[in-house]
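Participant: Handing you a structure now.
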Amino acid sequence: MAERIFIFDTTLRDGEQSPGASMNIDEKITMARQLERLGVDVIEAGFPAASDGDFEAVKQVAAEVRGPEIAALARTSKEDIDRAWEAVKEAASPRLHIFVATSDLHIEKKLGKTRDQVLRDARETVRYARALVDNIEFSAEDATRSDPDYMAQVFKAVIEEGARIINIPDTVGYTVPQEYSDLIARLRKSVPELEKVVISVHCHNDLGLAVANSMAAILAGARQVECTINGIGERAGNASLEEIVMALRTRHDILPYRTNINTEQIYPSSRMLVSITGIPVQPNKAIIGENAFSHEAGIHQDGVLKEKRTYEIMTPESIGRASNKLVLGKHSGRHAFRDRLTKLGFELAEDEFNRVFKRFKQIADQKKDVFDEDIEEMIAEEVLRIPDTFVLRHLNVTSGTELIPTASVEMEVSGVVVKKAGFGDGPVDAAFKTIAGITKDKSQLLRYQVNAVTGGTDAQGVASVRLQEGEIQVVGRGANTDVIVASAMAYINALNKLERRKRAGTEFKRNTP
């Protein structure tokens, strides 16, 4: 039987560190449940010492998601470890993930320590954590720029103290496949104890090599891969879970390994993450991009019509993507709608289902056909949005070649109805300026974009905005068949997130393997 590769998903921790991708507790739990359906082996739920919000999110994920192991990140600090353990101790299978930098650059410039101090800290904190739980992972941050001989000393020490998983991360996406493979081979030779533990890898995509490096690491002996849905994460992101899993499945002839991933949940997982974070997937993204199974060239179309395998090395159905996306219309009932939600990977409470079904009926009256993507946007609007301080009640906009764009807006602000009118350079600008006047918003608009969810002139428009105030960045999304209304909804969604973040305090501290 093929050897198993363990999939360690860090979407909720490293992935959430993408600018504008922060999730609230309900969103983290929703995503964690989908990761459980996907079949990941480990969910890294967060960094509990970073903030009270992160602690509570990890604690709730640990309590409610029982299938995968639940990992919490901690530095080589007893305080961090205590906080992480308090967050995950109720998990069915808890894991503590301890990390410290091992490159001289990080040791000297970031930590202000010596090699001996880092080695001592690593040994002592792994020993301390081992008294709490036997499932300990240790990461040598910036491993690919570290002295291999020094890393060998650290790894021997932490394995001796009880670490069961040793992670060799390419923290800044610096290495290349052959170099990474050679590093792992060298460490396996110099540290025989590595044969008794699981070797893990965590690759970033700064040079576009995260997946290639992960594959090289597997061939060199790694048996756990740390990755994220859609490849989100710090800077250029992490290795993409979907690319790793489908590469192993599609090229089993030269990669004779298996995972426990239910590949038909890949596309629903990707779409759910987009709905939660507002970060779109580029159209030509491997596996889950909009164009991944599209064929425009005549030669390609002819080949696919004759035999799909001529230009498709996998099927859309294998990742949970229906070739025919048309699902429902205005005459569809509750049973059919609930069945479609289940197939898309959503399990809603009754009150949540009722809100989404009501929204579905409204959309079905506005457009002829309702697609999977429309339903995902409804769920994002009705279920995944945070409780609102600001609520849009009415919006009217006038604009034209001979008119000054004008917006009339009626909103609830903390339950109080406020009305205001204003002008702008265009209909969206007028709406945004009027909303800013009502909410007294001082943030900077960093990005604004609108995309159609599906084809056709009656398609829902999905608007996305990114706002920044001080050090805090948030992303808001809105969906409506009227793109001006969708834009206003996105702006207000972002303002609500911004308000919540300001109330919660400062931006989370970020320290990552």
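What follows is calculated from the coordinates using simple rules that are stated; it is not laboratory data. Predicted model, so just to flag it, every value in this text is computed and none were measured. With ideal geometry, Cβ positions are generated from the backbone for all residues, glycine too; neighbour counts draw on all protein chains shown.
Participant: Provide the net charge surrounding residue 68, with neighbours chosen by a C-beta distance below 15 Å and charges set as Lys +1, Arg +1, Asp -1, Glu -1. Don't jump to the answer; show the numbers that get you there.
Facilitator: Working: positive: 4, 13, 28, 33, 37, 66, 95; negative: 9, 36, 41, 44, 64, 69, 90, 137, 226.
Neighbour charge sum, excluding residue 68 itself: -2.
Participant: For each of 281, 245, count neighbouring Cβ atoms within 10 Å of the residue's Cβ, then give the residues from fewest to most.
Facilitator: On the way: 281 19, 245 25.
Result, fewest neighbours first: 281, 245.
Participant: Scan the chain and report its longest stretch carrying no trypsin sites (Lys or Arg not before Pro) that are both in a DSSP loop and have at most 11 other Cβ atoms within 10 Å. Let's see the in-between values first.
Facilitator: Working: sites that count: 66, 368, 440, 442, 509, 510.
With a cap of 11 other Cβ atoms within 10 Å, the longest stretch comes to 67-367.
Participant: May I pose another question? For helix 483-504, what angle does its Cα long axis make with the longest principal axis of the chain, in degrees from 0 to 90 and rounded to 10?
Facilitator: Long axis of 483-504 versus the principal axis of the chain: about 50 degrees.
Participant: Once the principal axes of the Cα atoms of the chain are found, what is the range along each, listed largest first in whole angstroms?
Facilitator: 75, 59, 42
Participant: In debye, nearest 20: dipole of the chain around its Cα centre with unit charges on the Cβ of K, R (+) and D, E (-)? Working shown, then result.
Facilitator: Numbers: 67 positive and 77 negative charges, 80 e Å.
I would put it at about 380 debye.
Participant: Given an 8 Å cut-off on Cα distances and at least 6 residues of separation, report the relative contact order of the chain as a percent.
Facilitator: Numbers: 1048 pairs, mean separation 60.1, N = 513.
Computed over the chain, the figure is 12 percent.
Participant: By its C-alpha gyration tensor, with a ≥ b ≥ c as the square roots of the eigenvalues, how is segment 390-504 shaped: rounded for a/c under 1.5, else prolate for a/b larger than b/c, else oblate?
Facilitator: It is oblate, given that a/c is not under 1.5 and a/b is not larger than b/c.
Participant: Sort 314, 378 by Cβ crowding within 10 Å, fewest neighbours at the top. Working shown, then result.
Facilitator: On the way: 314 16, 378 23.
Fewest-to-most ranking of 314, 378: 314, 378.
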